[in-house]
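Reading through the structure tokens given below for one structure.
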Amino acid sequence: MPPRRQDDIMDVDSDESDASLDYDEPRRKGKGKAPKKKDKRKSKVTEVPYAWEASYVRSWDTVQEDESGSLQTAVDDLIARGRRKRLFAPSKAIRRTIIRHLIIILDLSNSMMDRDMRPTRFDLSLEYTREFVNEWFDQNPLGQIGIVGMRAGVGERVGEMSGNPPDVLRAISERHKLEPTGDPSLQNAIEMAKSTMSHLPTHSSREILIIFGSLTTCDPGNIHETLESCIRDKIRISVVALAAEMKICRELCDKTGGQFGVAMNEGHFKDLLFELIPPPAQHSTSALTSRLASGAPANAPGSAGGDLMLMGFPTRLPDTSPPSLCVCHSEMRSQGFLCPRCSAKVCDIPTDCDVCGLMIVSSPHLARSYHHLFPVKAYRPVMTMEETANSSPTCHACAAMDTGADGISPLGRYRCTDCSNDFCTECDVFVHDVLHCCPGCER
């Protein structure tokens, strides 16, 4: 038997001691243990660079199935959440401005090309702005909207102030003309919006809505001077931020009585926009000045005074009428409306007559704006069977039977506090969101 070599004995004895020495030298083979490699599969799941990727990876956390595997429970919870929000909203009559003038300022800077909101902030803003314009004109038929963009350090007038929804939508329909570039300028955009509303009468509201996706602003002067001029001109500024909160944006909203919010995702972004559709409460000048002097926000509740204003109901010209020149476009047209004061012809209403300055509206427009001043009271949920002993077993509006629990009422019934009639879940939503009039008491 051959003798054992000395170097073999040394290799066996020093195997563990060399492990600590060879830890920093992973390239030496057969000595020690190499450092553990990170699991790439786990890192790909945990590291999510964009919010739109998270919505797909973790989508099961948003919607939960019930015991039978249906998603109807999640849908009912969303409806119940909206109804619960309406229950806490003020249902008493509040003085509001129904003749509104709004300038939408779109951020067209490079930061709007970020993909944290799918497909991009820019595309999502245009989509939600179109939906906002349609819903805004549906609930504020006497208002007008203008579009201003801010890019490359300047403010650009994208669309003129108009009360016709197709004209406003046409201004933001051509995407290639609104391609984002450069840095935004809040001061230049607000100054342009302010000059657009400088000729408006005092009985109408002046509002600015800013969709802001950047964290910087490139201003040529002191933006606080612009803020003071907006306060003097009674211009209300609201900001929907897509990136993060900026002190100047919060200050613009607080001092002018507007609303400020930071969108956390696509759904929250849309909710923040649609919260600005109802007309804001009107405040008196003295109350607003005293609140600002005391450091309180301008949108705190207070009293307000009112002014009378003149309106005219025009005569509608049929298609068969002979063509005549309109005062708004200087074109020969058959259709149109005649001003009741000066008999000038305009193409669309509501609008202000270009000859005599009279505001021309129609009675349906005025009636549709009326529900903001006197909203329908929130229906009280029926919680027990004892409360239904003396009431009809069916819905007073659609004559349907009870639909079951929906998140608030275990019976799916809601009762008007004035006429004591019961309504189902769908009719409750329809009455408060679309009809704006209780079918039982007709008010």
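The values are calculated or read from the model by the stated rules, or taken from the named source; none is laboratory data. Predicted, not measured: the structure shown is a model, and the values here were computed from it. Positions of Cβ are backbone-derived with ideal geometry, glycine not excepted, and every protein chain shown enters the neighbour counts. In case anyone asks, the SASA skips ligands and DNA or RNA and just uses the protein heavy atoms, side chains included. Shrake-Rupley method; radii C 1.70, N 1.55, O 1.52, S 1.80 Å.
Things to note:
- Options Thr202, Thr181: the member that is within 21 Å of Gln144 (Cα to Cα) and either in the same structural domain as Pro279 (by TED's automatic domain parsing) or touching a residue at least 12 places away in the same chain (Cβ under 8 Å) (or both): Thr202
- Selection from the range 207-222 of residues that are at pLDDT 95 or above and among the β-branched types (Val, Ile, Thr): Ile208, Ile210, Ile211
- Residue that is farthest from Pro278 (Cα to Cα) [pool: residues in the range 220-255 that are free of Cβ contacts under 8 Å to residues at least 12 places away in the same chain and under 23 Å from the mean Cα position of the chain (by Cα)]: Lys247
- Under the condition of being in a strand (DSSP E or B) and either without any contact (Cβ under 8 Å) to a residue 24 or more places away in the chain or touching a Lys or Arg at 6+ places or on another chain (Cβ under 6 Å) (or both), the residues counted in the range 380-398 number 1.
- When the range 420-435 is limited to residues that are of a type outside the set (Val, Ile, Thr) and open to solvent by 50 Å² or more (accessible area, probe 1.4 Å), the one that is nearest to Pro381 (Cα to Cα) turns out to be Ser420.
- Selection from the range 153-204 of residues that are of a type in the set (D, E, K, R) and open to solvent by 50 Å² or more (accessible area, probe 1.4 Å): Glu156, Arg157, Glu160, Asp167, Arg170, Glu174, Arg175, Lys177, Glu179, Asp183, Glu191
- Single match in Asp219, Asp254 (criterion: part of a loop (DSSP other than H, G, I, E, B), open to solvent by 20 Å² or more (accessible area, probe 1.4 Å), among the charged types (D, E, K, R) and over 22 Å from Asp354 (Cβ atoms)): Asp219
- Being more than 18 Å from Ala241 (Cα to Cα), outside any strand (DSSP E or B) and modelled with pLDDT of 90 or more is true of Ser195.
- Ile105 vs. criteria in the same structural domain as Ala241 (by TED's automatic domain parsing), under 18 Å from the mean Cα position of the chain (by Cα) and at pLDDT 95 or above: yes
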